[in-house]
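The values are calculated or read from the model by the stated rules, or taken from the named source; none is laboratory data. None of the values given here were measured: they were computed from a predicted structure. Quick reminder, even Gly has a Cβ in these numbers, built from the backbone with ideal geometry, and neighbours come from all protein chains shown. The protein model used for the area step is the full one, side chains on, heavy atoms only, and it has no ligands, DNA or RNA in it. Shrake-Rupley method; radii C 1.70, N 1.55, O 1.52, S 1.80 Å.
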Amino acid sequence: MEEHHVNGLSGANIENYNYTESDFMIHGLTWQDRQKCRENESTLSKFDRALRSKWVEKMKQGFFRYPLWSLETRILPGKMSYVAQLNIKRGMERRKPQDIQSIQEKFKASQFNFNKINPNEVLFQMVRTRGSELMKHGQEVNNVLHGSLSQESVITLQQPCPVESASSSKGTLVVINVSPLEFGHVLFIPDPSLCLTQILTCDLMLFGLKAILLSSHPGFRVGFNSLGAFASVNHLHLHGFYLDHELLIESSSSKPLCPKLNLHLLTNFPAPGFMFYTNEKDLASVAQNICKATEYFVGKNIAHNMFATRGSEPGSMTSKKGIRVFLWARRSCFGAKEESAFNVALCELAGHLPMKNHDDFISATEESVIGIIKKYLFSDEEFAEISSGLLAHLTKDA
């Protein structure tokens, strides 16, 4: 890693984490592998080790609102195998969501945004580099990752490696979520000084897919909450975190909606949604299709959540060689009172339930959870209408 000046964060010097597609862990660990080597960090990728070690360092230094090492977890009885986790502190101490009235709300510099964060909350800045250039710095990067270089040594490294396009030259910031919902919870933030609103872009979606491939951990997830879908800050960001439990959604059934676009409908799941599937060969086109879908939702002022995880190829219940990306169109909750048990956002729709209080954590059943989730979903008729409109939008130029 190398230090690099980042605008908008009080002139902070931020370490660069350089990567290329050769760093992708195409297959990653299976859940069976993970169970066997849970305590062995050396089985994880270079990206995992860098993120996890620096996240732990920030936790020990007290830059989070509360300590989080492990969470009490229970798997709810039933076919969905919901993963419920007790996280009282997050419910109490997370930043109050901003007052949002529209999916298309303008950026407001007067409100909290990521230009105002403490620079100590930044882990590093991820920059895609040319493989040939990265090799010149390979030993230095490796030494930094393994802690054999001092801070002074890092500063004296050569200038950041050239990148493939000017648009990616600033990279993507990896910042701790100071109110974490799980271990390793970070935010992926494109150049904060651009003041982009919380509307998903192709560049950031593509980065999210690459982040999953850079991780060998089967439980590294990436997600997005739109405005009106429990995004708490109107400043563009993705969530990334580790959930060390398998979710049903990784292998749940689906039916083709538009095979040409790798688009499917999620079936036999409490929260019906849209699923894109990708392997490492078509990341850019899938990212574009995903954002074309969210563009449709934004144009219709429809709140939405995105959840991306390693998962089975559609039609296969065992092979987990690719990435599943789920999009849920859902009812907006502008100014709505939050549920006492949990909020319905990207995690909850996917089957991961961070619970706010002990009573709900103990008493929650699959039936009660589905009842809460259904409050935020469209009726079957409304969903069918949205599906029809989305498909027309995605295929009109195809």
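Counting only protein heavy atoms, what percent of the accessible surface of segment 257-391 is carbon or sulfur at a 1.4 Å probe?
Carbon and sulfur: 51 percent of the exposed surface of segment 257-391.
Which one, A284, I26, Y296, projects farthest toward the positive side of the charge dipole computed for the chain from Cβ point charges (K/R +1, D/E -1)?
Value computed over the given set: Y296.
Using the crude model of +1 on Lys and Arg Cβ and -1 on Asp and Glu Cβ, and no other charge, please compute the dipole size for the chain relative to its Cα centre, in debye to 20.
260
Quick one: helix 46-60 against the long Cα principal axis of the chain, what's the angle to the nearest 10°, folded into 0 to 90?
Here the helix axis deviates by roughly 90 degrees.
Could you work out Rg/(2.2 N^0.38 Å) for segment 48-93, with Rg from alpha carbons only?
Cα Rg divided by the expected 2.2 N^0.38 Å: 1.49.
Work out how much length R38 to T267 would gain on full extension: take 0.36 nm times their residue separation and subtract the Cα-Cα distance, in nm to one decimal.
Using 0.36 nm per residue and subtracting the Cα-Cα distance, I get 79.3 nm.
Taking the inverse of the average 1/r across all pairs of different Cα atoms in segment 299-365, what Kirkwood radius in Å do you get?
For segment 299-365, inverting the mean 1/r across all distinct Cα pairs yields 14.3 Å.
Shape verdict for segment 271-311, please, from the Cα gyration tensor: rounded (a/c under 1.5), prolate (a/b greater than b/c) or oblate.
Working: a/c = 3.13, a/b = 1.51, b/c = 2.08.
Verdict is oblate for segment 271-311.
Work out the P(r) tail for segment 29-107: percent of alpha carbon pairs separated by more than 21 Å, whole number. Before the final figure, lay out each step's value.
Numbers: 1792 of 3081 pairs.
When all Cα pairs of segment 29-107 are counted, 58 percent exceed 21 Å.
When you have a sec, figure out the Kirkwood radius of the chain from all distinct Cα pair distances and drop it here in Å to one decimal?
It is 21.6 Å.
Using a/c under 1.5 as the rounded threshold, could you call segment 212-256 rounded, prolate or oblate? The axes a ≥ b ≥ c are square roots of the C-alpha gyration tensor eigenvalues, and prolate needs a/b larger than b/c, oblate otherwise.
Working: a/c = 2.35, a/b = 1.41, b/c = 1.67.
Oblate is the answer for segment 212-256, as a/c is 1.5 or above yet b/c matches or exceeds a/b.
Along Cα→Cβ, 7 Å out, is where each label goes; now give me the distance between the ones at I362 and D282 in nm to one decimal.
Once both label points are built, they end up 5.0 nm from each other.
How are the Cα pair distances of segment 348-398 distributed, in percent, across 5 Å bins from 0?
Each 5 Å bin holds this share of Cα pairs: 4, 16, 18, 17, 12, 11, 10, 7, 4, 2, 0.
Among 378-387, 113-122, what's the highest-first ranking by average C-beta atoms within 10 angstrom per residue?
Per-residue Cβ counts within 10 Å, averaged per peptide and sorted highest first, yield 113-122, 378-387.
Can you tell me, using C-alpha contacts under 8 Å and at least 6 residues apart, the relative contact order of the chain as a whole percent?
Reported as a whole number, the value is 21 percent.
Relative to the longest principal axis of the chain, what angle (0 to 90°, nearest 10) does the C-alpha long axis of helix 283-299 take?
50
So with the 1.4 Å probe, I'd like the accessible area per residue for segment 321-398, rounded to whole Å².
Working: 3430 Å² over 78 residues.
For segment 321-398, the per-residue accessible area is 44 Å².
Rounded to the nearest 500, what is the 222 nm mean residue ellipticity of the chain from helices alone, with -39500 (n - 2.57) per DSSP H run of 4+ residues and division by all residues?
Value at 222 nm, helices only: -8000 deg cm²/dmol.
Here are some pairs, K210/K375; K281/K375; K79/K106; K260/K356; K60/K96; K46/K170; which of them have Cα atoms lying more than 31 Å apart in this structure?
Numbers: K210/K375 33 Å; K281/K375 38 Å; K79/K106 42 Å; K260/K356 42 Å; K60/K96 25 Å; K46/K170 21 Å.
Too far apart for the 31 Å limit: K210/K375; K281/K375; K79/K106; K260/K356.
I'd like the orientation of helix 380-395 relative to the chain: the angle between its Cα long axis and the longest Cα principal axis, in ° from 0 to 90, rounded to 10.
50
Taking 0.36 nm per residue of separation and subtracting the Cα-Cα distance, what length does fully extending Q104 through N301 add?
70.2 nm
I need the shape label for segment 227-322. Rule: rounded when a/c is under 1.5, else prolate if a/b > b/c, else oblate, with a, b, c from the alpha carbon gyration tensor.
Prolate.
What figure, in Å² to the nearest 10, do you get for the accessible area of F183 with a 1.4 Å probe and non-protein molecules left out?
40
Would you please report the Å³ per residue occupied by the convex hull of the alpha carbon atoms in segment 262-398? Each step should come with its number before you reach the end.
Values: hull volume 17.4 nm³, N = 137.
It is 127 Å³ per residue.
Could you work out how far the C-alpha centroid of segment 251-283 sits from that of segment 11-77, in angstrom?
So the separation of the two Cα centres works out to 27 Å.
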